[in-house]
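S.K.: The structure that follows is given in the form of structure tokens.
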Amino acid sequence: MSLPLHRLTATQTLTVPFAVDTFEALGPLSHAPFPHRHTFYEVVLVRAGTGTHVVDLAGYPLRPPHLAVVLPGRTHHWRDASALEGWLILLGEEFLAGSPRVRELLHRFGHRPCVSLGPDAGEHAGTIVARMRREYACPAADTLGVLRAYLHILLATAARQAGAPAPGGVGGQRAQLARRFCDLAARPGGGLRTVGEYAAALGVSAGHLGDAVRAATGRTPGDLIRQACAVEAMRLLAGTRLTVAQVAHEVGFVDPAYFCRFFRRQTGSTPGAFRRASCGDAESTTITGSRPSNHDDVGT
């Protein structure tokens, strides 16, 4: 059985996939205890509660006020969560059309998905999300633009608190290309395997992509593709019951033995040893319309 994939299918009052509501209103899937993926972005503001938010391979103990961003395709779940209070903002890629800064902020948080906010920043964030919820519940002229602006303010404020650099900084077009490549490589299920395929998808030559990625990261595109492949394999080994051979097939290997050698080179562990460790250590290595009252598959 592969990782569950949740889609945003609530009846929409907007022209793009979007929802904002509380944990309670969105129901049990808003804090699902099993590893799963989304086809959409999720921004979570936890105001109270205990437990651990597991995003890919890392567990983040809740220290409210706590903000998290889960990118499409990443795995996450909630471990030992209790008395959660707060809001979830769920949005499709279409919501970000014409808002490159908001998209870049989301992806910057995607590399540091969970942060604890100070009391003042947490109160400010709660006020912003409450206003988003009211705007969504009673749409008016340019509600979509207002919601995008609120999300931009929320993420920019949280980024300042977390010490994250602002979008659009030093680096220019080559740095932006490198970030787009890293985001694309980290997204599972894209069917891209080689540097040439990634370059074609990004509309550049393989040589230009290599120069940009090396300048920005100090590593080659091939290194980062292999790293992303290993991370996806770890997600599947820790979060599903797929056999090692099935995991190998899912990440693009015809020969399971070659996959095992690749996995060991990348991680220092065999697939079987990694799975046993992830299952035996309390999941410490597990990867871990109308208003949004109609929540079929709005799970998180």
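Nothing in this text is a laboratory measurement; each read-out follows from the coordinates by a stated rule. All figures in this text were calculated on a predicted structure; none of them were measured in a lab. Cβ atoms come from the backbone with ideal geometry, glycine included; neighbour counts cover every protein chain shown.
S.K.: When each pair of different Cα atoms in region 230-276 is counted once in the 1/r mean, what is the Kirkwood radius in angstroms, to one decimal? The partial results should precede the final answer.
M.R.: Details: mean 1/r = 0.0987 Å⁻¹.
Final number for the Kirkwood radius of region 230-276 is 10.1 Å.
S.K.: Could you tell me whether region 5-162 comes out rounded, prolate or oblate from its Cα gyration tensor? Rule is a ≥ b ≥ c as square roots of the eigenvalues, rounded for a/c under 1.5, then prolate if a/b exceeds b/c, otherwise oblate.
M.R.: Numbers: a/c = 1.42, a/b = 1.27, b/c = 1.12.
Rounded is the answer for region 5-162, as its axis ratio a/c remains below 1.5.
S.K.: Residue 232: net charge of surrounding residues, Cβ under 13 Å, Lys/Arg +1, Asp/Glu -1, itself excluded? Don't jump to the answer; show the numbers that get you there.
M.R.: Working: positive: 37, 74, 187, 193, 226, 235; negative: 56, 250.
That works out to +4.
S.K.: Given +1 on the Cβ of Lys and Arg, -1 on the Cβ of Asp and Glu, and no further charges, what dipole in debye does the chain carry about its Cα centre, rounded to the nearest 20? Each step should come with its number before you reach the end.
M.R.: On the way: 31 positive and 24 negative charges, 153 e Å.
With Lys and Arg at +1 and Asp and Glu at -1, about 740 debye.
S.K.: Please work out the Cα convex hull volume for region 172-280 and give it in Å³ per residue. Please report the intermediate quantities before stating the final value.
M.R.: Numbers: hull volume 10.8 nm³, N = 109.
Looking at region 172-280, the number lands at 99 Å³ per residue.
S.K.: Looking at region 174-264, which trypsin sites (Lys or Arg not before Pro) are in a loop (DSSP not H, G, I, E or B) and have at most 16 other Cβ atoms within 10 Å? Mind dumping the intermediate values first?
M.R.: On the way: sites: 174, 179, 180, 193, 214, 219, 226, 235, 241, 261, 264; in loops: 193, 219, 241.
Filter output for region 174-264: 193, 219, 241.
S.K.: Whole-Hz Karplus ³J(HN,Hα) for region 105-114, in order, using 6.51 cos²θ - 1.76 cosθ + 1.60 and θ = phi - 60°, x for Gly and Pro?
M.R.: Using θ = phi - 60°, the values come out as 4, 4, 6, 5, 5, x, 8, 9, x, 10 Hz.
S.K.: For the chain, compute Rh as the Kirkwood radius over C-alpha pairs and then the Stokes-Einstein diffusion coefficient at 25 °C and 0.890 mPa s; write the answer in µm²/s, rounded to an integer. Each step should come with its number before you reach the end.
M.R.: Values: Rh = 20.1 Å.
Rounded to a whole number, D works out at 122 µm²/s.
S.K.: Moving to a separate point now. Restricting to DSSP H runs of at least four residues, report the calculated mean residue ellipticity at 222 nm for the chain, -39500 (n - 2.57) per run over all residues, nearest 500 deg cm²/dmol. It would help to have the intermediate numbers written out before the result.
M.R.: On the way: 11 runs with 137 residues, N = 300.
Here the helix-only value at 222 nm equals -14500 deg cm²/dmol.
S.K.: Quick one: which residues, 5 or more positions from residue 6 or on another chain, have an amide H under 5 Å from its amide H? H modelled 1.01 Å from N in the peptide plane, none for Pro or chain starts.
M.R.: Correct list: 37, 38, 39.
S.K.: Here's something else I'd like to know. Points 7 angstrom from Cα along the Cβ direction at residue 101 and residue 255: gap in nanometres?
M.R.: In this crude spin-label approximation the distance works out to 5.2 nm.
S.K.: Given Cβ point charges of +1 (Lys, Arg) and -1 (Asp, Glu) and nothing else, what value in debye, to the nearest 20, does the dipole of region 172-280 about its Cα centre take? Could the numbers behind the result be given before it?
M.R.: On the way: 15 positive and 7 negative charges, 62 e Å.
Charge dipole of region 172-280: 300 debye, to the nearest 20.
S.K.: Whose amide H sits under 5 Å from the amide H of residue 81, counting only residues 5 or more places off or on another chain, with H placed in the peptide plane?
M.R.: 52
S.K.: Follow-up question, since we're still on this one. Under 12 Å from the Cβ of residue 101, count the other residues' Cβ atoms, weight Lys and Arg +1, Asp and Glu -1, and hand me the total. Walk me through the intermediate numbers first.
M.R.: Working: positive: 103, 108, 148; negative: 104.
Summing Lys/Arg as +1 and Asp/Glu as -1 gives +2.
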